[in-house]
Amino acid sequence: PDGYPAITPPWGTLNAVDLNTGAMKWKIPLGEVPELAAKGLTNTGSDNYGGPVVTAGGLLFIGATNFDKKFHAYDKVTGKLLWETTLPAAGSATPSTYLLNGRQYVVIVAGGGKNGAPSGSSIVAFALPQ
């Protein structure tokens, strides 16, 4: 009746699978519903749109979380959250990475607009530490 999924959370996960063996390496909730997190119900996961990009240095970047508008960096081996920030709108796209003058950047489109989430029209780039 409150509009949340009728199943037990997590409602969205990020999963790492060993493609050589098919074994699940790790699985974590991805995303939160801000009004539930404000009430102390965290790690619910949420619906996700967009995939990750993984750097040669082992960083996994993903937006995809529809309601909390977060952009995350995880350790690809452990799934440990290393960094996150809030975007102007949900990053419902797969990020890209590029080099410019020897510096690596990661960029994502923050367009939002899925399932009633606010829309946006930003392209946000972040420089990786040198």
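The values are calculated or read from the model by the stated rules, or taken from the named source; none is laboratory data. Please read all numbers here as calculations on a predicted model, not as lab measurements. When we count neighbours, we look across all protein chains shown, and the Cβ atoms used for this are built from the backbone with ideal geometry, even at glycine. Protein only, heavy atoms only, side chains kept; ligands, DNA and RNA dropped before computing areas. Shrake-Rupley method; radii C 1.70, N 1.55, O 1.52, S 1.80 Å.
Compare the peptides 19-25, 124-130 by average per-residue count of other Cβ atoms within 10 angstrom and give them in order, highest first.
On the way: 19-25: 8.6, 124-130: 12.0.
Packing order, densest peptide first, comes out as 124-130, 19-25.
With contacts taken as Cα pairs under 8 Å and at least 6 residues apart, the chain reaches a relative contact order of 16 percent. Solvent-accessible surface of the stretch 24-96, taken per residue with a 1.4 Å probe and all protein chains present: 48 Å².
Can you count the Lys pairs in the chain whose Cα atoms are under 14 Å apart, with each pair 8 or more apart or on different chains? Pairs that pass both the separation and distance tests number 5. Given R0 = 25 Å, the distance between the Cβ atoms of Ser119 and Glu35 translates into a calculated FRET efficiency of 0.85. Please find the FRET efficiency linking Thr94 to Ala127, where r is the Cβ-Cβ separation and R0 is fixed at 22 Å, and quote it to the nearest 0.05. Efficiency at R0 = 22 Å is approximately 0.70.
If you average the sequence gap of Cα pairs under 8 Å that are 6 or more apart and divide by the length of the stretch 61-117, what percent do you get for the contact order? The partial results should precede the final answer.
Working: 114 pairs, mean separation 18.4, N = 57.
For the stretch 61-117, the relative contact order is 32 percent.
A helix-only calculation puts the chain at -500 deg cm²/dmol for mean residue ellipticity at 222 nm, using -39500 (n - 2.57) for each DSSP H run of at least four residues, averaged over all residues.
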